[in-house]
């Protein structure tokens, strides 16, 4: 299953890259929602090899996901591999400078199932593809608006 969304942000590409790679903020956000995040590498920087282990509850079960940065092209984007017992995925974040003060953010998330229950879960997402894509787009729009506000404020 693949989802793609794009948003234009009224901020320079370097500022947007800094916001996209502000991992401490994302970690706190996951913890506020009840998850547990453990950074497996000491660095705060966006560099190849940075790893996390995330534990959370979904559909009544405890889940563990491992994420690792596999590619960084400062300030043009990065790629993160995500693995669990039942599924594997990749998230590619691309930044395109449209002008000095405007950046396009494109996020592509791709996931594949490794187990039968995960295949059934992804099948249900495919059946509700419109709703799933709308939720993904709304999430990215909210993130882009937050970056806009931070840049202006």
Selection from segment 37-66 of residues surrounded by 13 or more Cβ atoms within 10 Å (Cβ to Cβ) and within 15 Å of residue 84 (Cβ to Cβ) yields 37, 51, 52, 53, 54, 55, 56, 63, 65, 66
Which residues, taken from segment 1-26, are closer than 18 Å to residue 90 by Cα and either crowded, with 16+ Cβ neighbours inside 10 Å or touching a strand residue (DSSP E or B) at 6+ places or on another chain (Cβ under 6 Å) (or both)? 1, 2, 3, 4, 5, 6, 20, 21, 23
Here the residues within segment 107-143 that are in contact with a helix residue (DSSP H, G or I) (Cβ under 9 Å, 6 or more places away or on another chain) and surrounded by 12 or more Cβ atoms within 10 Å (Cβ to Cβ) are 107, 109, 111, 112, 113, 125, 132, 143
Looking at (1) farther than 14 Å from residue 17 by Cβ; (2) surrounded by fewer than 16 Cβ atoms within 10 Å (Cβ to Cβ); (3) touching a helix residue (DSSP H, G or I) at 6+ places or on another chain (Cβ under 9 Å), which one does residue 97 not meet, given that it meets all the others? (1)
Given the criterion assigned to a strand (DSSP E or B), modelled with pLDDT under 95 and at negative phi, identify the matching residue among 57, 66, 104. 57
Can you tell me which of 67, 97, 87 is more than 14 Å from the chain's Cα centre (by Cα), under 18 Å from residue 2 (Cα atoms) and in contact (Cβ under 8 Å) with a residue 12 or more places away in the chain? 87
Kindly list the number of the only condition in (1) more than 19 Å from residue 23 (Cα to Cα); (2) within 17 Å of the chain's Cα centre (by Cα); (3) surrounded by fewer than 16 Cβ atoms within 10 Å (Cβ to Cβ) that fails for residue 104. (3)
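The values are calculated or read from the model by the stated rules, or taken from the named source; none is laboratory data. It should be emphasised that the depicted structure is a prediction, and the values quoted were computed from it without experimental measurement. FYI the Cβ positions are ideal-geometry reconstructions off the backbone, even for glycines, and counts take in every protein chain you see.
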